[in-house]
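Peer 1: Below you'll find the structure I mean.
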Amino acid sequence: MQTTERRAKEAAFSAGFRRGGLALLAAAYAITLVLATHYPKPEQLLGRYGHADKLLHFVAYFLLAVFVALAVWGAGRWSRRAAVAVAIALAAFGAVDEITQPVFGRTADVLDWVADCAGIAVGILLVATASWAWGRGSRRG
């Protein structure tokens, strides 16, 4: 009985940690992203990678989309509607991020936002595909 009870507690802790941990990871990454994109001298952060600005935007927002989508999935709330809501929210986040950069001595660039949105789309598609494949596999087993 103790083993079954212990396993149940461990499973509950694991599920709670997965939900909370993924949401915390997504929030921490979003804060880090805002700090990095508003740093007045990006060349100090980027060094020799400054020429790859659009690629860096794509990767940064791809990771943000993956982290947020996984947090939504981990909370058991993943659906097509949720995927669209995440995409819209992150695109708006990216737009606000871009629009507020001039306040910090940076320049706003619509092509940076386009790269952000491309990264968001690919990140969400990755999680959506994984959730679909995971769901199919669990029905077979």
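Peer 1: Identify, please: which residue in region 74-84 is among the small types (Gly, Ala, Ser) and over 15 Å from ALA23 (Cβ atoms) and is, among those, surrounded by the fewest Cβ atoms within 10 Å (Cβ to Cβ)?
Peer 2: The qualifying residue surrounded by the fewest Cβ atoms within 10 Å (Cβ to Cβ) is SER79.
Peer 1: Taking region 75-98 only, how many residues are farther than 15 Å from PHE58 by Cα and aromatic (Phe, Trp, Tyr)?
Peer 2: 1
Peer 1: Right, next: How many residues are over 30 Å from PRO40 (Cβ atoms) and either touching a helix residue (DSSP H, G or I) at 6+ places or on another chain (Cβ under 7 Å) or basic (Lys, Arg) (or both) if we restrict to region 105-133?
Peer 2: Looking only at that region, the number is 5.
Peer 1: Would you tally the residues in region 14-35 being modelled with pLDDT of 85 or more, more than 13 Å from LEU63 (Cα to Cα) and either in contact with a helix residue (DSSP H, G or I) (Cβ under 7 Å, 6 or more places away or on another chain) or not hydrophobic (A, V, I, L, M, F, W, C) (or both)?
Peer 2: Adding up the residues that qualify gives 2.
Peer 1: Okay, next question. Mind checking whether some residue in region 120-128 is within 23 Å of GLY21 (Cβ to Cβ) and surrounded by fewer than 15 Cβ atoms within 10 Å (Cβ to Cβ)?
Peer 2: no
The values are calculated or read from the model by the stated rules, or taken from the named source; none is laboratory data. Note that this is a predicted model, so its numbers are computed, not measured. Every residue, glycine among them, receives a Cβ derived from its backbone with ideal geometry; neighbour counts consider all protein chains shown.
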